[in-house]
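The values are calculated or read from the model by the stated rules, or taken from the named source; none is laboratory data. Because the structure is predicted, anything quoted here is derived from the model rather than measured. Cβ: placed from backbone, ideal geometry, glycine included. Neighbour counts: every protein chain shown. Quick note on the areas: whole protein, heavy atoms, side chains included, nothing else; ligands and nucleic acids left out. Shrake-Rupley method; radii C 1.70, N 1.55, O 1.52, S 1.80 Å.
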Amino acid sequence: MSAASDDLLAKVRVQGAVPRHVAIIMDGNGRWARERLLPRPIGHRQGMKAVREVVEASLEVGVEVLSLFAFSQENWQRPAGEVSALMSLLEEYIQKEADELDAQGVRVVFLGDLDRLGTPQRAAVDRVMAQTAANSKLVLNLFISYGSRAEITRAARLLAEEVAAGRMTPAQVDEAALAGKLFTADCPDPDLLIRTSGEMRISNFLLWQLAYTELHISPVFWPDFGRCELYGAILDFLNRDRRFGRVSA
Ligand code: IPE
Ligand code: IPE
Ligand code: MG
């Protein structure tokens, strides 16, 4: 913590209600490394440190759900060396952080097509989810091998199966039923979506859930994103007028 982040945290506290659910597209690890003439995996490793700081900052400020986009379905198409570096880092992250996260009261949840993970990664993921399942201070959703279109398609297929089996009628297929079949069924929709590295796109993340989420694009590459940037984004969010299609109060 620094004087600057303390000051921002105090400002957030003065404003009152923080977003319940913050989602982040953690982008720019590769460019962070390239700027320093380092290999891309070094950027990913540095990005892991930013995850730690942002989790701690979320606990401090009282966010209930933190959703991090860590690896997309499309990211499987990156060069094999980069994919395997990312998978090793995933395992390392769990090994290093599981006990600390557990002690902090964080419930770690992995969401995505986890069947595509290798055996050691899958075992690590299952282990930390089981270890932290009873915690309730902060839900940390880690999206791995995740694509939103695939998630929605899967939900539609699950509903079709219910209807085909006669457990549901077509008329019962409504928004709540579909939302109930998404990986995020237990979470409120994100209030705030942050994307780092200045990119202004959603990249197949939470297409359904982001319907009325406030967007904050940060120019900072993910490895340089920390407390100050998170609190700054929350302050920005607190000044928004969320209308949900209605007129202001
Ligand atoms: C985000 O950083 C991490 C993942 C997508 C896995 P990138 O690897 O996309 O970094 P850039 O966008 O190439 O800089
Ligand atoms: C989005 O970043 C996915 C994650 C942050 C995990 P990408 O770097 O893969 O997205 P594009 O290719 O720039 O849209
Ligand atoms: Mg990127």
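What's the total number of residues in segment 121-177 that are among the β-branched types (V, I, T), in contact with a Phe, Trp or Tyr (Cβ under 7 Å, 6 or more places away or on another chain) and in contact (Cβ under 8 Å) with a residue 60 or more places away in the chain?
Step one: list which residues in segment 121-177 are among the β-branched types (V, I, T), which gives 125, 128, 132, 139, 144, 152-153, 163, 169, 173.
Pick out the ones that are also in contact with a Phe, Trp or Tyr (Cβ under 7 Å, 6 or more places away or on another chain) and you get 125, 144, 152.
Within this subset, residues satisfying the condition of being in contact (Cβ under 8 Å) with a residue 60 or more places away in the chain are 144.
Summing the residues that are among the β-branched types (V, I, T), in contact with a Phe, Trp or Tyr (Cβ under 7 Å, 6 or more places away or on another chain) and in contact (Cβ under 8 Å) with a residue 60 or more places away in the chain in segment 121-177 gives 1.
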Task: Checking L215 against (1) under 28 Å from M1 (Cβ atoms); (2) in contact with a Pro (Cβ under 7 Å, 6 or more places away or on another chain), the condition it does not meet - done: (2)
TODO: Just need a number here: residues in segment 207-242 that are over 16 Å from V63 (Cα atoms), open to solvent by less than 20 Å² (accessible area, probe 1.4 Å) and part of a helix (DSSP H, G or I).
DONE: 2
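For segment 178-191, which positions are part of a helix (DSSP H, G or I) and touching a helix residue (DSSP H, G or I) at 6+ places or on another chain (Cβ under 6 Å)? Don't jump to the end; show me each part of the working.
Within segment 178-191, the subset part of a helix (DSSP H, G or I) is 178-179.
Residue satisfying the conditions is L178 alone.
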TODO: Take the residues in segment 191-203 that are within 25 Å of G180 (Cβ to Cβ) and open to solvent by less than 30 Å² (accessible area, probe 1.4 Å), then tell me which one is nearest to ligand 2 (Cβ to nearest atom).
DONE: L193
TODO: For segment 25-37, state whether one or more residues are away from ligand 3 (no atom under 16 Å from the Cβ), surrounded by 21 or more Cβ atoms within 10 Å (Cβ to Cβ) and assigned to a strand (DSSP E or B).
DONE: no
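Could you list, in sequence order, all residues of segment 178-191 that are hydrophobic (A, V, I, L, M, F, W, C) and touching a residue at least 24 places away in the same chain (Cβ under 8 Å)? Give the steps one after another, and end with the answer.
Within segment 178-191, the first condition is being hydrophobic (A, V, I, L, M, F, W, C), and the residues that meet it are 178-179, 182-183, 185, 187.
Listed by number, the residues that qualify are L178, A179, L182, F183, C187.
If you check S203 against the conditions, is it at negative phi and either among the hydroxyl-bearing types (S, T, Y) or in contact with a helix residue (DSSP H, G or I) (Cβ under 8 Å, 6 or more places away or on another chain) (or both)? Break it down into steps so the answer makes sense when it comes.
Numbers: at negative phi: no; either among the hydroxyl-bearing types (S, T, Y) or in contact with a helix residue (DSSP H, G or I) (Cβ under 8 Å, 6 or more places away or on another chain) (or both): yes.
In short, no.
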Task: Among (1) part of a helix (DSSP H, G or I); (2) in contact (Cβ under 8 Å) with a residue 40 or more places away in the chain, the one test that I194 misses - done: (1)
- [ ] Of all residues in segment 42-74, count the ones that are in contact (Cβ under 8 Å) with a residue 40 or more places away in the chain, over 21 Å from L230 (Cα atoms) and not hydroxyl-bearing (S, T, Y).
- [x] 2
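Are there helices (runs of 4 or more DSSP H) fully within segment 66-166 with at least 1 residues that are over 28 Å from G180 (Cα atoms), open to solvent by less than 50 Å² (accessible area, probe 1.4 Å) and modelled with pLDDT of 95 or more? List them. Reasoning before the result, please.
Working: elements: 80-103, 119-132, 148-164.
The qualifying helices (runs of 4 or more DSSP H) are 80-103.
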